[in-house]
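Before any comments, here is the structure.
The values are calculated or read from the model by the stated rules, or taken from the named source; none is laboratory data. What you see is a predicted model, and the numbers here were worked out from it, not measured in a lab. Methodologically, a virtual Cβ is constructed for each residue, glycine included, from the backbone with ideal geometry; neighbour enumeration extends over all protein chains shown.
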Amino acid sequence: MIYPWLQQDWLQLAGYIDQQRIPQALLISARSGMGALDMSKFFAASLLCHSPGQDSQPCGHCRGCTLYQAKTHPDYIFIEPEQAGKAIGIAVIRQLIDSLALKPQFSGRRVVLINGADALNNAAANAFLKCLEEPAERTSIILLAEQPAKLPATIRSRCQMLTVAQAKTEDALAWLSSQNVTDALPLLEIAQGSPLLALKYGKENTLQCWHEYHDNWLKVAHGKADIVILAEQWSKQEQVSLSVLLSWLSQWTADLIKLANNPDYVVSYKMGLQELLKKLDLKQVFQFYDMLLRSVKLQDSQLNKQLLLEQILIDWSTLNKA
Ligand SMILES: [Zn+2]
């Protein structure tokens, strides 16, 4: 199924089928929680369908569709990291290369979908390049990545690109309301505009958690929290992963900067931020923001969560003392 905010993107994909200009390699970049994986699977199903219907949607009852739905289509290969945050290693790609050396089993198209393509490690990415340099017969490769910049340029340059844009707020809110989500607007805000993430947050009662974190973040700024204890609590909290926490911290800092540049900037937790802005040196806030973004990139290799959080909180506290 195609979510309302993905209609334009779907039209582009459907257009490839309509016009019989199906790319050998397609790189779809989208933030998590946008529903791009569902859309990519739907596209894969359409490519495997023998007679796609209106808007190139899979017919749902041909042999290709039946096998795809039963997850037994011999010409469909799906790859993703074994675990979130883990890399895709070379063994999986070697296996893929071996499979692609054979002809597709049916007369139609073969489809490879790699979810989390930005998780290919260096060796795997280098090996994978071969699949693009020497395209296999009647085969389309779809790569889905949150951070396509992590992929080598040699891979990116060989793919057609589709970048999924941020969902329009009204589309996202209408959809969330159709899913019976209350507090849709603040949930969408903390999910940074990703509707499926907002839905998940709603189910997991993340909003309350978010408020606690935000309050503590402000307490640190006002010198009213014990940084070591807080860093320890945050690093042990299971409901909020390090990557989510770093994204929240980055968002609060980005909001500070936006608010400094535009006092009319709308954000529901504006009051606390406005107060901080009175004494903050914006240049230092920018430096702090850069440091947070670097931490986001380094988090996979960061072994000591607590130490990282402690350093961030110390920097944040020092910034507010200046
Ligand atoms: Zn079909």
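Applying a threshold of 8 Å to beta carbon distances and a minimum spacing of six or more residues, or different chains, the list of pairs starting in region 137-156 at a residue that is assigned to a loop (DSSP other than H, G, I, E, B) and at pLDDT below 95 and ending at one that is among the polar types (S, T, N, Q) and surrounded by 14 or more Cβ atoms within 10 Å (Cβ to Cβ) reads E146/S29; E146/S32; Q147/S29.
Scanning region 49-66 for residues that are in a helix (DSSP H, G or I) and either within 28 Å of the chain's Cα centre (by Cα) or more than 10 Å from the ligand (Cβ to nearest atom) (or both) yields Q54, D55, S56, C65.
Residues that are over 22 Å from K278 (Cα atoms) and either in contact with an Asp or Glu (Cβ under 8 Å, 6 or more places away or on another chain) or touching a residue at least 40 places away in the same chain (Cβ under 8 Å) (or both) within region 237-253 comprise Q239, L242, S243, L245, L246, S247, listed in sequence order. Using the structure shown, decide if S177 is closer than 28 Å to I22 by Cα, hydroxyl-bearing (S, T, Y) and not in a loop (DSSP other than H, G, I, E, B). No; evaluated as a whole, the condition is false for this residue. Of the residues making up region 84-104, those that are over 12 Å from T139 (Cβ atoms) and outside any helix (DSSP H, G or I) number 6. Would region 95-113 turn up any residue that is surrounded by fewer than 18 Cβ atoms within 10 Å (Cβ to Cβ) and within 13 Å of the ligand (Cβ to nearest atom)? For region 95-113, residues surrounded by fewer than 18 Cβ atoms within 10 Å (Cβ to Cβ) and within 13 Å of the ligand (Cβ to nearest atom): present.
Here T163 fulfils each of the conditions (1) at pLDDT below 95; (2) on the phi < 0 side of the Ramachandran plot apart from (1). Just one of the listed residues (S32, S40, S46) is of a type in the set (G, A, S), away from the ligand (no atom under 16 Å from the Cβ) and outside any loop (DSSP other than H, G, I, E, B), and it is S40. When the helices (runs of 4 or more DSSP H) confined to region 223-320 are screened for residues that are in contact with a Leu (Cβ under 6 Å, 6 or more places away or on another chain) and surrounded by 13 or more Cβ atoms within 10 Å (Cβ to Cβ), those reaching at least 3 such residues are found at 227-236, 242-261, 282-298. For first residues located in region 254-269 and closer than 18 Å to N216 by Cα, partners that are assigned to a helix (DSSP H, G or I) and among the hydroxyl-bearing types (S, T, Y) and lie 6+ apart or on another chain with Cβ distances below 9 Å form the pairs A254/Y289; L256/Y289. D18 meets each of the listed conditions (1) surrounded by 15 or more Cβ atoms within 10 Å (Cβ to Cβ); (2) within 16 Å of the ligand (Cβ to nearest atom) apart from (1).
Give the residues of region 162-185 that are surrounded by fewer than 13 Cβ atoms within 10 Å (Cβ to Cβ) and either touching a strand residue (DSSP E or B) at 6+ places or on another chain (Cβ under 9 Å) or charged (D, E, K, R) (or both), sorted by residue number. Residues satisfying the conditions are T163, K168, E170. Inclusion of P81 among residues that are assigned to a loop (DSSP other than H, G, I, E, B), within 24 Å of the chain's Cα centre (by Cα) and more than 13 Å from the ligand (Cβ to nearest atom) is warranted.
Among the residues of region 194-215, those identified as touching a residue at least 60 places away in the same chain (Cβ under 8 Å) and surrounded by 17 or more Cβ atoms within 10 Å (Cβ to Cβ) are S194, P195, L196, L197, A198. Checked against (1) surrounded by fewer than 16 Cβ atoms within 10 Å (Cβ to Cβ); (2) in a loop (DSSP other than H, G, I, E, B); (3) away from the ligand (no atom under 16 Å from the Cβ); (4) of a type in the set (A, V, I, L, M), M1 passes all but a single condition, namely (3). Just one of (1) within 13 Å of the ligand (Cβ to nearest atom); (2) in a helix (DSSP H, G or I) fails for H73. It is (2).
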